[in-house]
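I have placed the structure first, in the form of structure tokens, so that the comments after it can refer back to it.
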Amino acid sequence: MHACNVWDVIDEVLVSYHLGRNDKNYDTSIFPYGTTYSKVKSTIDTAIKSKKLVRTNTVIGTFNIKGIKYILDDLVEFHPSIVNFLPLNVFDDAYDMGKYINYDELRPILKSAIDFLNEKLPTSLKFIRYMPFCGMEGYE
């Protein structure tokens, strides 16, 4: 029987990363097992070493917006090919969960985050998903 190496059969890795490791809420995350920085870092390092595309998804809501700098610092260290920000949406029942941030409040924070990442990760692509296109004028 031939043993298969997972890195030989995949083209890319997608990692969810929602709280930076230095965020005060890191250990009390709303995610059952928290944000496991060391596992994410190890996975991304191995993927890059194996010449695989690395994408990150970061859901943005009231639970992590105040610590976005910590997330950004970690993303810079991870050096992904693609960074995706996903604002919580009304169709995710975000209103009921008390996690939703309105677009007017979120817009300048995300623009600042994109500016920071453009400076620190100039070759990485940055996307904001599920936000009205007109709300990010100048960042289309």
Exercise for the section: Tell me which residues, restricted to the stretch 104-127, are of a type outside the set (Lys, Arg), outside any helix (DSSP H, G or I) and either buried (at least 16 other Cβ atoms within 10 Å of the Cβ) or modelled with pLDDT under 85 (or both). Expected result: Leu121, Ser124
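Just one of Ile101, Ile60, Ile65 is among the aliphatic types (A, V, I, L, M), modelled with pLDDT under 90, under 24 Å from Cys134 (Cα atoms) and in contact with a Pro (Cβ under 6 Å, 6 or more places away or on another chain); which is it? Show your work before the answer.
Values: Ile101 fails: in contact with a Pro (Cβ under 6 Å, 6 or more places away or on another chain); Ile65 fails: in contact with a Pro (Cβ under 6 Å, 6 or more places away or on another chain).
Only one candidate qualifies: Ile60.
Given the criterion in a strand (DSSP E or B), more than 12 Å from the chain's Cα centre (by Cα) and modelled with pLDDT of 90 or more, identify the matching residue among Val83, Val13, Val54.
So the residue among Val83, Val13, Val54 that is in a strand (DSSP E or B), more than 12 Å from the chain's Cα centre (by Cα) and modelled with pLDDT of 90 or more is Val13.
The values are calculated or read from the model by the stated rules, or taken from the named source; none is laboratory data. Not measured: the values here are computed from a predicted model. Every residue, glycine as well, gets a Cβ built from its backbone with ideal geometry; the counts of neighbours run over all protein chains shown.
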